[in-house]
Amino acid sequence: MSAGVSPWQQLADAGLNRQHVFALADLPPEIRQQIAAQDGETQLILLGHAGRLLWEKVQAAQRAQAVDAGVADPIDAYTVACVRRFFARQAPGVAYRILYPGAPSVGLQALGQLAGWHHAAPFMVGIDPQWGSWFAYRALIVAASDFPLSEPQTHAHPCAACSEPLCRTACPAAALQASFDLAACADFRLQPASPCATNCLARRACPLGQQHAYDARQMQHSYGYSLQALQRWRAGQADSPGLSAAD
């Protein structure tokens, strides 16, 4: 790698264009307890994607049969492969564990808040001034690494400057009033031929980051998972629905 080039450029070029390195010792005690670090582990690495690049890379990998078609979520399979290639090239011999994809023991949005990525939008995903809501958490790794630590981003909640909350008026379920109405959202999404089944009209209406908005296929992919969780919840097969779209 050329001098001055960030080691993270490898991941950015693959579509994982958000990275934050935490020192385990500096994390809040409750998060350290959830991670249960093993001997020698020193850092927690949060990876995300913003915009459409990751989806384009995953689609290309699928066409090239570089992603296991048997994996439930091809984005997860692609992300794990990227993480493994990154450590093999940038930190050979460094021990690491991939906590997510999988069942993370740590809340990803809580880490996003510590990184300065995440402000809660009325439509239940994170939002920031640059990317709007068009980003997601893709990987969480604990490692015995010594990468330079990241400084948290600092900016005001972008919704505070919104004089016209277009997301609230665009929601056909009227679920974004004083607070998020989970039941109203769920009922509307589960209606036959609902326009919100694998979409979010409120999210689409937000003016922030519109140039980075996902296309219809990516929205269908992302919201398809939360729709399935809703259907299981309605059928009594789960305690609570997974409505808060990670994507």
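The values are calculated or read from the model by the stated rules, or taken from the named source; none is laboratory data. If you're wondering where the values come from, they're calculated on a predicted model, not measured in any experiment. No Cβ is skipped: glycine too gets one built from the backbone with ideal geometry, and neighbour counts run over all protein chains shown. Heads up: the accessible areas ignore ligands, DNA and RNA and are worked out on the full protein's heavy atoms, side chains in. Shrake-Rupley method; radii C 1.70, N 1.55, O 1.52, S 1.80 Å.
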message: I want the local charge near C185. Using Cβ-Cβ distances under 14 Å, sum +1 for each Lys or Arg and -1 for each Asp or Glu among the other residues.
response: +2
message: Please report Rg (one decimal) and Dmax (integer) in Å for the Cα set of the range 128-171.
response: 16.1, 48
statement: For the chain the mean separation of alpha carbon contacts under 8 Å (6+ apart) over residue count, i.e. relative contact order in percent, is 20
message: Take H212 and Q228, extend 7 Å from each Cα along the Cα→Cβ direction, and tell me the distance between the two endpoints in nm.
response: 2.7
message: About the Cα centre, and with charges only on the beta carbon of Lys, Arg (+1) and Asp, Glu (-1), how big is the dipole of the range 14-156? Nearest 20 debye, please.
response: 440
task: Apply 1/(1 + (r/R0)^6) to the Cβ-Cβ distance of R85 and Q191, taking R0 = 41 Å, and write down the FRET efficiency to the nearest 0.05.
output: 0.40
field: Unit charges at the beta carbon, dipole of the chain: most positive-side option, A156, Q177, G15
entry: G15
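Helix by helix, which DSSP H runs in the chain go 20 Å or more along their axis at the Cα atoms and have an average Kyte-Doolittle hydropathy of -0.5 or more?
Numbers: long enough: 74-90 (24 Å, 0.14); 216-234 (25 Å, -1.22).
Membrane-span-like by this rule: 74-90.
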- request: Evaluate the Debye formula for the range 93-201 with equal point scatterers sitting on the alpha carbons, no solvent, and hand back log10 of I(q)/I(0) at q = 0.16, 0.19 Å⁻¹, in q order, two decimals.
  value: -0.89, -1.09
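Taking the Cβ of L208 as the centre, find all other residues whose Cβ is under 15 Å away and add up their charges (Lys, Arg: +1; Asp, Glu: -1). It would help to have the intermediate numbers written out before the result.
Numbers: positive: R168, R203, R204; negative: D128, E164.
It works out to a net charge of +1.
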query: Dipole size in debye (nearest 20) for the chain around its Cα centre, Lys and Arg Cβ +1, Asp and Glu Cβ -1?
result: 540
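Accessible area, 1.4 Å probe, largest first: how do H221, H157 sort? Show your work: numbers first, answer last.
Numbers: H221 35, H157 65 Å².
Per-residue accessible area, sorted high to low, gives H157, H221.
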- prompt: Which value, in Å² rounded to 10, gives the accessible area of M124 with a 1.4 Å probe and all protein chains present?
  reply: 70
task: Compute the distance in nm between two label points, each set 7 Å from the Cα along the Cα-to-Cβ direction, one at Q113 and one at L149.
output: 2.1
- request: Specify the residue with the greatest mean-square fluctuation among T198, T154, T79, computed from a Gaussian network of the chain linking alpha-carbon atoms under 10 Å apart.
  value: T154
message: 5 Å is the cut-off here: which amide hydrogens, built 1.01 Å from N in the peptide plane, fall below it relative to C162, excluding neighbours closer than 5 in sequence?
response: none
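What value, in deg cm²/dmol to 500, does the helix sum -39500 (n - 2.57) over DSSP H runs of n ≥ 4 give at 222 nm once divided by the residues of the chain? Kindly include the intermediate steps, with their values, before the conclusion.
Values: 9 runs with 85 residues, N = 247.
That calculation yields -10000 deg cm²/dmol at 222 nm.
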- prompt: Taking the chain as a Gaussian network, Cα atoms linked when under 10 Å apart, which of Q34, Q228, Q113 shows the biggest mean-square fluctuation?
  reply: Q34
task: State the volume of the convex hull built on the alpha-carbon positions of the chain, expressed per residue in Å³ and rounded to an integer.
output: 153
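Around Q153, what is the net charge, scoring Lys/Arg as +1 and Asp/Glu as -1 over all other residues with Cβ under 13 Å from its Cβ? List each step's numbers first, then the result.
On the way: positive: R18; negative: D128, E151.
Once positives and negatives cancel, what remains is -1.
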field: Pairs of Cα atoms farther than 19 Å apart, the range 101-150, %
entry: 34
task: Can you tell me the dipole magnitude for the range 169-234 around its Cα centre, using point charges on the Cβ only (Lys, Arg +1; Asp, Glu -1), in Debye to the nearest 20?
output: 140
field: Over 20 Å [Cα-Cα, the range 1-148], rounded percent
entry: 50
task: Among W117, A235, A193, pick out the residue whose Cα is farthest towards the positive end of the charge dipole of the chain, where Lys and Arg carry +1 and Asp and Glu carry -1 on C-beta, about the Cα centre.
output: A193
